[in-house]
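Below is one structure, written out as structure tokens, with a few remarks after it.
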Amino acid sequence: MIERSIQKGCLDHLEKRRKMMLIYGPRQSGKTTLVKFIEKTSGLRTLYLSADLSKNENLLMQRDLKVYSDLTEGYELLIIDEAQRVPDIGLVLKIMHDEIPHLKVIATGSSSFDLANSTSEPLTGRKRVFYLLPLSVEEIAGEKNKFELDLQLEDLLIYGLYPEVYTSPNNEKKEILTDLSESYLFKDVLQLTTVKYIAKIRDLLRLIAFQVGQQVSIHELTKKLMLNRETVERYIDLLEKAFVIFRLPAFSRNPRNEVSKMDKFYFYDNGIRNIIIDNLKPLDLRTDIGSLWENFIVAERRKQILYHRLNVHSYFWRTYSGTEIDYLEETDNGLMGYEIKIKKDKFAIPKVWKADYGGELKLINRKSYLDFLLKNND
């Protein structure tokens, strides 16, 4: 098992605090493997329930304290896997937290929109949230040096870092990615919401995939998909909450000169992005290397920010005249900009950026990316 970045934090929380532990992330990202590891190493007598099984889902739906007390009698830790399947799971967890004080609880969810919405109010002050996404460069660096990591770069850009994909031989990766995209990617979206046009969601993802690193116009998406704006925005929201894509807003303190109304979108995993557009060709046969590189770097940085709970706000910056900074972070220490170009060796700080903000600007290329992605975040 590859050690996950949140592993130690989860164990520390379980040992020192009584708050519920919620672990959010997409299906097949390793949540079950992680909680099974926690079960083995915690030293606590543990009851594991998968809400994917209807008998467990029905059991947890009862909202009956005696049922919960009888169920967990003699156990110190309860793990509810895929807890988003249980209606009003937040109320269930609240009952357990308040009425069975000796019991520690971990709940995992592959769709944050249902689990988060149904737990946010009942579990106020009672929960600690962790995120588990596809493997990160930081995590696989635990078993490889920088030279070995760099040798893998092309595979990471093309096939991504879902655990099963990463650990399988290249001749099996396409089949696994296809299964992920067809069997799991939309599973929770379709099960937990009313989606009228399933094919339109796939079309929407393809359009976004071809615009990685570019500003996305919702108006243009509505025209191409022949859907109304409200529906397109709802589908995008679902895909974000299901950990398929995430948005990067524009940074603007001067709206007369700087773009502020359109966002960029990125995929949490390059492999999913590539299978959506049916392009797993090697880098020397591709015309989208710049998009692959930018998606990879921004997604990896997002994992770091979530895993290490960094106080970082992420943006891109662009003026109406076309001057742009690919990626920007705002922290308590100020602004830091990043030019994300795999082959570029030099860059010039835009004069308007320097004049208005004076922030630093760094280049993330093939030579510097590992230093950026493996830097100490503690």
Distant alpha-carbon pairs in the chain (separation over 30 angstrom), percent: 43
Inter-probe distance in nm under a simple model that places probes 7 Å from Cα toward Cβ, at GLU148 and GLN62: 5.0
Cα-centre dipole for the chain with unit charges at Cβ (Lys and Arg positive, Asp and Glu negative), debye to 20: 720
FRET efficiency, 1/(1 + (r/R0)^6) with R0 25 Å, evaluated for ASP278 and LYS343 via beta carbons: 0.50
Selected from ILE89, THR319, LEU71, residue furthest toward positive end of dipole (the chain; charges at beta carbon): THR319
Residue among GLN28, LEU47, PHE147 farthest towards the positive dipole end of the chain, charges placed on Cβ: PHE147
Euclidean distance of C-alpha centroids, the stretch 193-218 and the stretch 20-48, integer Å: 32
Lysines whose Cα lies under 26 Å from that of LYS19, excluding same-chain neighbours fewer than 8 positions away: LYS8, LYS31, LYS36, LYS40, LYS66, LYS94, LYS104, LYS127, LYS241, LYS303
Helix-only mean residue ellipticity at 222 nm for the chain, each DSSP H run of n ≥ 4 adding -39500 (n - 2.57), per residue, nearest 500: -12000 deg cm²/dmol
Segment MET262-LYS375, length gained on full extension (0.36 nm per residue, minus Cα span): 37.6 nm
Cα-derived Rg over Rh, computed across the stretch 7-131 with Rh taken as Kirkwood radius: 0.91
In order through the stretch 41-57: 3J(HN,Hα) via Karplus (6.51 cos²θ - 1.76 cosθ + 1.60), integer Hz, x for Gly, Pro: 9, 6, x, 9, 6, 10, 10, 10, 10, 9, 6, 5, 8, 4, 5, 6, 4
For the stretch 153-290, fraction of C-alpha pairs farther apart than 26 Å, in %: 28
Mean projected area (nm²) of the alpha-carbon convex hull when the stretch 214-346 is viewed from all directions: 10.1
ASN311 paired with LEU91, simple spin-label distance in nm, labels 7 Å along Cα-to-beta-carbon: 3.8
GLU339 long-range amide H proximity, modeled H, under 5 Å: LYS362, LEU363, ILE364
Whole-Hz ³J(HN,Hα) from phi, Karplus 6.51 cos²θ - 1.76 cosθ + 1.60, for the stretch 287-292, glycine and proline x: 10, 10, 4, x, 5, 4
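Read the figures in this text as sums done on the coordinates, not as results from a lab. Values in this document were obtained by computation on a predicted structure and should not be read as measured data. Reconstructed Cβ throughout: ideal geometry from the backbone, glycine too, with neighbour counts over all protein chains shown.
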